[in-house]
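Student: Quick one: the structure is below, questions incoming.
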Number of protein chains: 4
Amino acid sequence: MIKVGIVGGTGYTGVELLRLLSAHPQVELVAITSRADAGRRVDDLFPNLRGHCALEFTPPDQSTLAACDLVFYATPHNVAMQTVPELLETGTRVIDLSADFRLRDAELWARWYGGPHACPELLSEAVYGLPEVNREQIAGARLVACAGCYPTAVQLGFMPLLKAGVIDTSTLIANAASGVSGAGRQARIDNLVSEASDNFKAYAVEGHRHLPEIEQGLSDVAGEAIRLTFVPHLLPMIRGIHATLYARLTAEVDLQALYEEHYRDEPFVDVLPSGQWPQTRSVRGANVCRLAVARPQQRDTVVVMAVEDNLVKGASGQAVQAMNIMFDLDESVGLDGIALLP
Amino acid sequence: MIKVGIVGGTGYTGVELLRLLSAHPQVELVAITSRADAGRRVDDLFPNLRGHCALEFTPPDQSTLAACDLVFYATPHNVAMQTVPELLETGTRVIDLSADFRLRDAELWARWYGGPHACPELLSEAVYGLPEVNREQIAGARLVACAGCYPTAVQLGFMPLLKAGVIDTSTLIANAASGVSGAGRQARIDNLVSEASDNFKAYAVEGHRHLPEIEQGLSDVAGEAIRLTFVPHLLPMIRGIHATLYARLTAEVDLQALYEEHYRDEPFVDVLPSGQWPQTRSVRGANVCRLAVARPQQRDTVVVMAVEDNLVKGASGQAVQAMNIMFDLDESVGLDGIALLP
Amino acid sequence: MIKVGIVGGTGYTGVELLRLLSAHPQVELVAITSRADAGRRVDDLFPNLRGHCALEFTPPDQSTLAACDLVFYATPHNVAMQTVPELLETGTRVIDLSADFRLRDAELWARWYGGPHACPELLSEAVYGLPEVNREQIAGARLVACAGCYPTAVQLGFMPLLKAGVIDTSTLIANAASGVSGAGRQARIDNLVSEASDNFKAYAVEGHRHLPEIEQGLSDVAGEAIRLTFVPHLLPMIRGIHATLYARLTAEVDLQALYEEHYRDEPFVDVLPSGQWPQTRSVRGANVCRLAVARPQQRDTVVVMAVEDNLVKGASGQAVQAMNIMFDLDESVGLDGIALLP
Amino acid sequence: MIKVGIVGGTGYTGVELLRLLSAHPQVELVAITSRADAGRRVDDLFPNLRGHCALEFTPPDQSTLAACDLVFYATPHNVAMQTVPELLETGTRVIDLSADFRLRDAELWARWYGGPHACPELLSEAVYGLPEVNREQIAGARLVACAGCYPTAVQLGFMPLLKAGVIDTSTLIANAASGVSGAGRQARIDNLVSEASDNFKAYAVEGHRHLPEIEQGLSDVAGEAIRLTFVPHLLPMIRGIHATLYARLTAEVDLQALYEEHYRDEPFVDVLPSGQWPQTRSVRGANVCRLAVARPQQRDTVVVMAVEDNLVKGASGQAVQAMNIMFDLDESVGLDGIALLP
């Protein structure tokens, strides 16, 4: 059994981790911390867990965490980097679901996240947690920086085209939309039912924090600096990300075959049959990214569509997938839940 | 392994059965029938099942079904009663999710369901599939008539009070509300997003078909004919039933203790701590009914609140629970999924 | 032209007042106050008003308000009572949309609203702003305490039965449900999309603040102290209240005729034809309460259904209706907008 | 008073026309036809109209329609073209909300709409009903072909850039999303609450019928054949279209000034202040298209966002706007309703 701790379990990625880990046969949940809710039962805050999780939130305490084999950080950015270095020294491995260790360039991080990084020396060691790209490095990592929700969908969507070298890399467009749970469990007027439940809008059009993360990842794949226009939108629903990607084709290629081939052996990437388009509801609660590719009017613009549950393949499910890899388990253990439809 | 067939798998209780049974370790799904969709892959209709279910719909065929140990009917009412008698004779057991075998009185059935019953001789043999009432009879049954969605919530809610004999049985009120999935997967204007997604209304106020079923069940529990006013409402969401029950207290009683005691050993009924009220989201996708009881202003009206996922504890989950009982499995096998929240 | 001011215009009743008053031909909007948003354009906060309202929020200032003929308070409770006495002395009339002046009994108010009332001497003068009950007193009032959202629906629903004296007044039940906008424009986790948009629950079961208001109003109508069990629920939508009312009949009566007769001359109460039940979407954005009455199974429980838009007939529309009466205008001026359906 | 008839009033554009025309001071509604619902009161089908519209549906009858000054066709495509020629000969003018007269090229029409056009000789006479482009031609038209919902948003969004000649016209991208009401009031499983209310997906990726309409309009504006990739998506809400448009800049230009200048005198196009992005809720129920323009990272991709209510500025409101122009009324008469927010 892997002894697991969670730091910051009162948000949506926290409760989703609890849902997945409570049912994971190889995990023993030993601690979940929250300064604000210390002493409160987890299932009092999240009543879906009644009967499945008897833990209480405890105050963050390094010695408890140090006794774990693995600690997940499900905290806002700027938190994990304060205590991860110390924890790693005790031998505990870390999967960080926040953005703290996703960018290799500390200056870039500082520019997008509003201040200097607390432990830039760890940025080169941290392994970017997108198993479809970095499976082997994840296996041996002390510190995994889980890919962000938008970045997962956008990278999985563009990757086969970039690997194949068949698109113009300077004019990529990612038009993406996310359910409101992506904004976290914070008391903000913008995310009230009365503001966001019968509405659709773009946001962060001038520049979203996931842009440098996506550009870093796609440039790695392409072997050259790519350029992306990324416009996120807010959907009037809770879970789900849909990315619609556009690129200019520079070579003839069988797109359907390219995608099926690229993801043939991936347990959590599903290329739909030709002519079907993915729906967010087909992945609600499940750790899978479903993809489709099209070439409208047979012109030279290729369109890729990718869906995922932002809290599962876009966050907590991906984190558990990384854990399975790190601890040499079957990658699918605890992640075979079927999406809830309708 | 139990060899299982499903008749009529293209509706919402059908896809929910598939979700639950695909993950059930003791079940081998051998056939799912649909006249209209014969030859189509199940996961083409329900893309959440991609990677989990390789079956195709087949035309209804008695010999295939007769080779099963158990057949679920997930059909509209008036269908199962046409072929169940013949199937039972082959030794195959049946769990009917429709209303065909829920009422013991064939005349009452005919009055509410618009025509004579096709096999009234089976009505007395059929066991009403509410495990919290009929667990033992279910174990030995050839034919189980799964309790309806509203009836499950209303009966579980009123039962402790009626057993204890502490309320006036002639003035019961059940004010209930259901998500739209309860109306089934049928092309009806009334259930379009543009009609029902930003709306709330009562319906069937003059008399809903679940009324005689509930009155039959509650009268059995009470040991006398009870009288219920039942007003269902349509919620602008997909899954979930919430019942708010009202009764006049005729004796002093510790309500919280009464409920906790009554359901102490039930794996799928959860009595909330005093002062907490159930939410439909706490049971989304899970086979559990959560209950709370209150006595506002300490007056003589008791209020009970019950929630369930109408497709799980109100239909397909309950059917699997009955199957587990019938085949002497642990009642919880395949039913331990945690509700999806948020 | 009536010179109108609004205190506290940054909430949902505030923006709804602005929508109605901007289009009202007899109103000149002269000031809208907000301490927090002073200096900000109103249409910057509420973009639906772009092109319709050029005002800026100003800090609360008694002299500006004193220059108005009428001031609406669209503030949380406990605010209006601090400054209304002073304002009334300047000759300005007041319509308070909060609960500060709705209860005649200062002790009762203190018990339900968490502290002593700031100007109990005004409680007897304040006219309860439900035009269908108090039209004449409203006409001459200096201070109108607009009826609450739930109280409007529940009182309009029960009134014909109580006036006719045909029900048991000690066992009234009001099962009501409201859209989330009723909770106001406040940053609270409970009202986030991810918490409340795919959920249904009862709340304040032990006692909601609208209970004493409703009991006061219904007792006035009945001429005796009535007793009500009131259970509010939270709907996963923005606008709309639906009340389902239950009472025991004590006399034979033609219910449909009773309701049609009672509301024959009311411009904003609509009794549906027999056998139709009201839907919240039929009143979205409109100043109307639609009602229906039923007697299921011809038993002795009568069921009344009432719907309204909580922000219009349940708040701001009702306030404008009161204004029209106070200033001797046609009661419907500015209130003839048709509900938005779908 | 303009005597107005409506053909096919049982859909969503029909009820929206009724909402707008019932309140229009210069219109006398004399007939609304429906074969299926003849004899039924309009407000029985659409309860929001109770108290505002006493009409009954009548069977389609040319003599009644011929007595009108103007007839709106709110029918599916393929219907208007059957009877419009005959009606025009009687001197009645026509505004067609369907697609029958939007394309000038009969062969193109036949290819996209599945069969030959019934009166190709009228295609050149029909005026494309987008007032911001064709105001003068609309004024004198006998037959106006109202612009489609997506085409309105996409054309208003791209127009300033194309007029200014500052973008590459061969790589335009329109990523658009619509509420479900755009799919009409038809009994289709795909648009049920349980299918579409907690979901987001692209559809018609290989080619949507609005593509040739948009390309025709944008090519007219550009003075050359443009090329567009158009991917529509289905939003889990009722009303609202959001278009996110992408183009490659080929010249330096002050984008904000360009847009403000272009639409300075348009009553129903609103360019937001720099740095604000439009929200669909800001136009719910209102006849306005709100626009914003951005240049992320100051790179060479320009992003335009446009929102409209698909049933108002995208259909019935635009039709009334055209009517006002045709009958020499102030263009805003009957169209000054403020969007419903929240």
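Student: If we scan region C:285-303, do we find a residue that is open to solvent by less than 10 Å² (accessible area, probe 1.4 Å), of a type in the set (Val, Ile, Thr) and more than 19 Å from the chain's Cα centre (by Cα)?
Tutor: yes
Student: Now a separate question. Between A:Gly14, A:Gly51, which is within 13 Å of another protein chain (Cβ to nearest Cβ), on the phi > 0 side of the Ramachandran plot and modelled with pLDDT of 95 or more?
Tutor: Just a single option satisfies the conditions, and that option is A:Gly51.
Student: Can you name the number of the only condition in (1) farther than 23 Å from A:Gln297 by Cβ; (2) buried (at least 23 other Cβ atoms within 10 Å of the Cβ) that A:Ala243 fails?
Tutor: (1)
Student: Additional query: Step by step: first the residues of region D:96-143, then only those that are of a type in the set (D, E, K, R) and closer than 12 Å to D:Met326 by Cβ, then the one that is surrounded by the fewest Cβ atoms within 10 Å (Cβ to Cβ). Which residue is that?
Tutor: D:Glu136
Student: Further question on the same structure: Inspect region D:55-68 for any residue being assigned to a strand (DSSP E or B), open to solvent by less than 50 Å² (accessible area, probe 1.4 Å), modelled with pLDDT of 95 or more and among the aromatic types (Phe, Trp, Tyr) and give the result as yes or no.
Tutor: yes
Student: Sticking with this one: Keeping to region A:36-52, report how many residues are within 24 Å of the chain's Cα centre (by Cα) and under 17 Å from B:Asn287 (Cβ atoms).
Tutor: Of the residues in that region, 2 qualify.
Student: Something else now. Only one residue in D:Pro160, D:Pro151 is touching a Phe, Trp or Tyr at 6+ places or on another chain (Cβ under 6 Å), of a type outside the set (Phe, Trp, Tyr) and surrounded by 21 or more Cβ atoms within 10 Å (Cβ to Cβ). Which one?
Tutor: D:Pro160
Student: Would you confirm, using the coordinates I've provided, whether D:Gln279 is within 16 Å of D:Gly165 (Cα to Cα) and open to solvent by 20 Å² or more (accessible area, probe 1.4 Å)?
Tutor: Considered against the rule, which asks whether it is within 16 Å of D:Gly165 (Cα to Cα) and open to solvent by 20 Å² or more (accessible area, probe 1.4 Å), D:Gln279 comes out as no.
Student: Could you please find all residues in region B:196-227 being facing another protein chain (nearest Cβ under 9 Å) and open to solvent by less than 20 Å² (accessible area, probe 1.4 Å)?
Tutor: B:Ala196, B:Asn199, B:Phe200, B:Ala202, B:Val205, B:Leu211
Student: Related question: If you go through region B:1-32, how many residues are crowded, with 21+ Cβ neighbours inside 10 Å and part of a strand (DSSP E or B)?
Tutor: Looking only at that region, the number is 8.
Student: Would you mind stating whether A:Ala225 is in a loop (DSSP other than H, G, I, E, B) and farther than 29 Å from D:Val180 by Cβ?
Tutor: The answer is yes for A:Ala225.
Student: What are the residues in region B:82-95 that are open to solvent by less than 60 Å² (accessible area, probe 1.4 Å) and out of contact with any Pro (no Cβ under 9 Å at 6 or more places or on another chain), if any?
Tutor: B:Val84, B:Pro85, B:Leu87, B:Leu88, B:Gly91, B:Thr92, B:Arg93, B:Val94, B:Ile95, listed by residue number.
Student: State whether the residues of region C:171-193 include one that is part of a helix (DSSP H, G or I) and more than 14 Å from chain A (Cβ to nearest Cβ).
Tutor: No, region C:171-193 contains no residue that is part of a helix (DSSP H, G or I) and more than 14 Å from chain A (Cβ to nearest Cβ).
Student: Something else now. What's the number of the condition B:Ala38 fails, among (1) out of contact with any helix residue (DSSP H, G or I) (no Cβ under 9 Å at 6 or more places or on another chain); (2) crowded, with 18+ Cβ neighbours inside 10 Å?
Tutor: Tallying (1) out of contact with any helix residue (DSSP H, G or I) (no Cβ under 9 Å at 6 or more places or on another chain); (2) crowded, with 18+ Cβ neighbours inside 10 Å, B:Ala38 fails exactly one: (2).
The values are calculated or read from the model by the stated rules, or taken from the named source; none is laboratory data. If you're wondering where the values come from, they're calculated on a predicted model, not measured in any experiment. All Cβ positions, even for glycine, are placed from backbone atoms using ideal geometry, and neighbour counts span all protein chains on display. Ligands, DNA and RNA are stripped out before the accessible areas are found, and what is left, the full protein with its side chains, is counted by its heavy atoms. Shrake-Rupley method; radii C 1.70, N 1.55, O 1.52, S 1.80 Å.
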